[in-house]
Each structure stands twice: as structure tokens, then as C-alpha cells.
1. I'd like the antiparallel share, as a percent to the nearest 5, of DSSP beta bridges with both residues in region 118-255.
2. Can you classify region 47-193 as rounded, prolate or oblate using the Cα gyration tensor, where a ≥ b ≥ c are the square roots of its eigenvalues, rounded means a/c under 1.5, and otherwise it's prolate if a/b beats b/c and oblate if not?
3. If r is the Cβ-Cβ distance from Arg145 to Val116 and R0 is 35 Å, what FRET efficiency results, to the nearest 0.05?
4. Taking a 1.4 Å probe, which of Thr70, Thr61, Thr121 shows the most accessible area, and what order do the others take after it?
5. A 30 angstrom limit on the alpha carbon distance is what I want to check against. Which of Lys212/Lys240; Lys60/Lys233; Lys60/Lys212; Lys106/Lys240 exceed it?
6. Using label points projected 7 Å from each Cα along Cα→Cβ, tell me how many nm separate Lys199 and Asp238, to one decimal.
7. Only sites in a loop by DSSP and with at most 12 other Cβ atoms within 10 Å count here; which trypsin sites (Lys or Arg not before Pro) in region 84-125 make the cut?
8. What distance in nm separates the simple spin-label points at Met188 and Asn82, each placed 7 Å from Cα in the Cβ direction?
Amino acid sequence: MRKALKTLAGDLRKHLRSQDEGEIILKAAPCKKRAAFKTPETAPAADKAAVLEGLAAQIKTCKRCALGQTRLNAVPGEGNINARLMFIGEGPGYEEDRQGRPFVGKAGQLLDKMIVAMGFTRQEVFIANMVKCHPMIDPQNPDKRGNDRAPDGEEIAVCRRYIERQIAAVSPDYIVALGGVAGKSLIMDAKSLSAIRGKFYDLQLTEAALTKPVKILATFHPAALLRNPGWKKDAWADLKMLLAAMGRTPPSKEV
Ligand code: URA
């Protein structure tokens, strides 16, 4: 009896630890065998949706870093779970914090135009961020405008598990990293955006397993394009290169 109770307590501890680490327990696996991640190729569509919904639920209650204390809403990301193309930004801003959705402010409106100019709809792609909660210059005043800042290295490191698991679950062919923060974090290259943009890299993950190669391309963040419209030409050249690699005819008009 005592031995049985000990085993039960051990199993319970393991279960709670796995929940805390955000691992997905394979339903069909025998009790003691659990997989850290269920691969999208082997997972039916319903399970893939469940993985992403599970991640979104964890993100919404996450308090792993200080951003989780001051956010109004976490912003897990959204889109087509079977997307061939994923866009990844740095983190939610003022509007995203209010709506709980990625890229819905001014930068988001430009991103929407870029997506349409590429011949896609927003519903066809998956959009997410490196960090899921609004990084603020003055976290005591979430209502202040102009309060956005880029996430720091520690915030990105703490949140990395989520974006990596989302990438592994969606399993896109291509990722566009929007801006230097997302580009340098995902390409794991400390160089500037200008040094890494305009070429494809093979994505490497550290906290989830890819089941097929994923190419990543870094380009300008739409917010940077709003500040510097002269950079749009270069951003468009990057996106046209991506479309060619995807075997799609790039529309002739620039954004
Ligand atoms: N900027 C980002 O990087 N992400 C958003 O969701 C909005 C603005």
C-alpha cells in the first residue's frame, strides 16, 4: 500500500512538472512514456489544432517573466494551422495588448497590405511574435501611448519555448522574420539586420524539434517601413525572392 502511494505521488509530481514545462502528453502513449512534442506529420489535423490551442492556453496564463504581470492580454498568434508561410514579429504593441491579436495596429495594417501584395490573405498565413506579452518602457502606465519597446534577450529566452513549439506544430515551409529582433533571435546570429536580410537560412530550433527543413528569411519590420518608406523597395525585393522560392508568381505592383 505504502509503495503504491509512493508510486502515485511520483507520477503526480511528474505530471505536474510536465504541465509546468508546457509539454504535451501523448494521449495514446502508455502512462510512463510521454513525448516532449508531438510531430505535425504524425499528428492528425485535430491533434495539431489541439497542440496549438494548448500552447495558446499556456501563453494566456504564463507568468514566467515580468511582462506577464503587466500585460492586458497575452497575444499567442493566429492564422492557418497548415500555413506554408509564417510571419514572426518581435512582440505585441499597444493595440495588440488590448485585442489579444498580433499585428492589428498601424504596423499590422501595413503587414496586411504586404501579405495581400504577395498574393496571400491573412487567413492563409500564420502570424506570431517572439514574445507574447507587450514589452513596455513604463509598465506602470499601460494606457500611455508611445510606450512600446523591443523585448530584451532574457524575455525572448523565457518565451522562446512558445514560438518554437508553434513553429514546430504549424511546420511551415518558410518563415519571414520581421525586423532585427526576430531575425537575429531566430537565425541565432548576432549580426545586424542588414547583414542577415535578403538571404535564406535553415531554421534551427533549440526547444522543439522540426520534422522537416524550414527556411527563414529576415526583412524589415513593417513599423520600420512606416518610419522609413525608402526601405520598402528592399523589403519588397526580399518578399519577391521568397515568392520565387515558393514557386509563386510575384504580383508586379510594389506595396
Ligand atoms: N509589432 C510586432 O512586432 N508585433 C506585433 O504584433 C505588433 C507590432
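The values are calculated or read from the model by the stated rules, or taken from the named source; none is laboratory data. Just so it is clear, the model here is predicted, and its values are computed rather than measured. Note that we place each Cβ from the backbone using ideal geometry, even for glycine, and neighbour counts take in every protein chain shown. Surface accessibility is based on the protein's heavy atoms, side chains included, excluding ligands, DNA and RNA. Shrake-Rupley method; radii C 1.70, N 1.55, O 1.52, S 1.80 Å.
1. For region 118-255, the DSSP antiparallel bridge percentage is about 45.
2. It is rounded, given that a/c, with a ≥ b ≥ c, falls under 1.5.
3. 0.80
4. The ranking, largest first, comes out as Thr61, Thr121, Thr70.
5. Lys60/Lys233
6. The answer from the label model is 1.5 nm.
7. Qualifying residues, ordered by number: none.
8. Here the answer is 3.1 nm between the modelled labels.
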